[in-house]
Amino acid sequence: VMYFMFRVYKERKWGDFLIFGAVLAFSQNTYVAARAIPLLVLLFAFYVLVREPRFYAANFRKILACAGVAFIVFLPMLGYIIKHPDRYMGRAKTVSILNEDTVERFYHGRYTVKERLVKNIKEHFLMFGFRGDRNARHNVPGMPVLDYITGALAVLGAAYVILRMFSPVGFVLLSGFCIFLASGIMTIESPQSLRTILLSPLMIIFAVIALKKIIDYSQEQFGRAGKISAGIMAFLLVAAAVTVNYGRYFEKYGKDPFVWAGFQTEAREIADYMENLEGDWHVMVDPVIIYSYAWEFLGRTLEFSD
């Protein structure tokens, strides 16, 4: 969405407008956090209006076509929303930090909405490099969501973007960061790396910006020697980051007992085993297994009695 939004603004070609409308509508068929994307688009539209108001008059027909494509692609989801408004909005209501009853129930009366909001802001900024999401389905419990190399580069890149916050790229990146981070801040269970999943491409973009500027600076200051040294440094940084993250995901995360329990692996294995049994059989299953999410999803075709 961001890529084609920039192409629409810079290239102003019919194809880019049509694709932008399609991918924007398609994005709303993904995870609930994607509902923040249209807010970023509207904010950038206002930015363009202030920066270059003639853009809309000059591209009026293209904008109408873009909106038409978006509407057509969004129609199936719109039909679902009309038929099931409670299901569409239900999850957002049950996790909102602005709901006093939700905060009271989830935190057992330890926080007011204001106190929890302040704590959420602090915890979400700290999740990148100090203490991350504790939910084992999202993260190795408590581990920072960025490795130290990517994290350091992302901070440097973000600082560079802040200095250019009024440029089109700077405005979108910083606005997107604030909007997508708010998707976690404004909910219970903090910090929340899943509800802030849209930050992933932004953090990588920040890191790449910093890496690119370091390489450019080395070339300008030291010529050919700087170019070679910068290339070696870039390779080592990327290699280290890949090595760290590979080990995290396939070794530490994949074998962590909390992750095993968080995904209810035993219930999944039992349901899968039972569905593949042949012939007449009876089996006794622990109620803890039967009333788990994994069992409800995978074992729903099985017949059983209390």
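So what is the accessible area of the stretch 1-129 per residue, in Å², with the probe set to 1.4 Å?
That works out to 64 Å² per residue.
Which order do you get for 178, 66 if you rank them by accessible area with a 1.4 Å probe, largest at the top?
Reading off the accessible areas and sorting them downward yields 178, 66.
With each label point set 7 Å from Cα along the Cα-Cβ vector, what nm distance links residue 35 and residue 225?
Result: 5.8 nm between the two label points.
List the GluC sites (Glu not before Pro) within the stretch 197-306 that DSSP assigns to loop and that have no more than 10 neighbouring Cβ atoms inside 10 Å.
Of the GluC sites (Glu not before Pro), the ones in loops of the stretch 197-306 whose Cβ has at most 10 other Cβ atoms within 10 Å are 278, 303.
So if a site counts as exposed when it's one of the trypsin sites (Lys or Arg not before Pro), its DSSP state isn't H, G, I, E or B, and it has at most 16 other Cβ atoms within 10 Å, what's the longest stretch of the chain without one?
By the stated rule (loop sites, at most 16 other Cβ atoms within 10 Å), 14-109.
Hand me the chymotrypsin sites (Phe, Trp or Tyr not before Pro) from the stretch 73-124 located in a DSSP loop with no more than 16 other Cβ atoms within 10 Å, in residue order please.
In loop regions of the stretch 73-124 (DSSP not H, G, I, E or B), the sparsely surrounded chymotrypsin sites (Phe, Trp or Tyr not before Pro) are 107.
Can you compute the FRET efficiency between residue 91 and residue 159 using 1/(1 + (r/R0)^6), with r the Cβ-Cβ distance and R0 = 30 Å? Round to the nearest 0.05.
0.30
Of the candidates 236, 153, 211, which one comes out as most mobile in a Gaussian network treatment of the chain with C-alpha springs shorter than 10 Å?
For the chain, modelled as a Gaussian network with Cα springs under 10 Å, the answer is 236.
Go through 288, 172 and list them by solvent-accessible area, largest first, probe radius 1.4 Å.
Listed by decreasing accessible area, they come as 288, 172.
What Kirkwood Rh does the chain have if only Cα atoms enter the pairwise 1/r average? Answer in Å.
23.0
May I have the count of lysine pairs in the stretch 1-129 with C-alpha atoms under 29 Å apart, counting pairs 8 or more residues apart or located on different chains?
7
So what's the back-of-envelope 222 nm ellipticity for the chain, counting only DSSP H runs of four-plus at -39500 (n - 2.57) apiece and dividing by all residues, rounded to 500?
Helices in the chain give a 222 nm mean residue ellipticity of -21500 deg cm²/dmol.
Of 238, 48, 285, which has the largest mean-square fluctuation in a 10 Å C-alpha GNM of the chain?
Result: 285 has the largest fluctuation of those listed.
Accessible area of the stretch 12-88 with a 1.4 Å probe: how many percent of it is carbon plus sulfur?
73
Sorting 69, 8 by accessible area (1.4 Å probe), largest first, what list results?
These residues rank, largest area first, as 69, 8.
Run the numbers on the chain and let me know its relative contact order in percent, using alpha-carbon pairs under 8 Å that are six or more apart.
Worked out over the chain, it gives 14 percent.
To the nearest 10 degrees, how steep is helix 148-162 against the longest Cα principal axis of the chain, on a 0 to 90 scale?
Tilt relative to the chain: about 50 degrees.
Within the stretch 59-166, which GluC sites (Glu not before Pro) sit in a loop by DSSP and count at most 15 neighbouring Cβ atoms inside 10 Å?
Sparse-neighbourhood loop GluC sites (Glu not before Pro): none present.
The stretch 1-74: Rg/Rh from Cα coordinates, Kirkwood Rh?
Radius of gyration relative to Kirkwood radius: 0.95.
The values are calculated or read from the model by the stated rules, or taken from the named source; none is laboratory data. Given the structure is predicted, the values throughout are model-derived calculations rather than measurements. Heads up, the Cβs are rebuilt from the backbone with ideal geometry, glycines too, and the neighbour counts pull from every protein chain shown. Note: accessible area is taken over every heavy atom of the protein model, side chains too, but ligands, DNA and RNA are not part of it. Shrake-Rupley method; radii C 1.70, N 1.55, O 1.52, S 1.80 Å.
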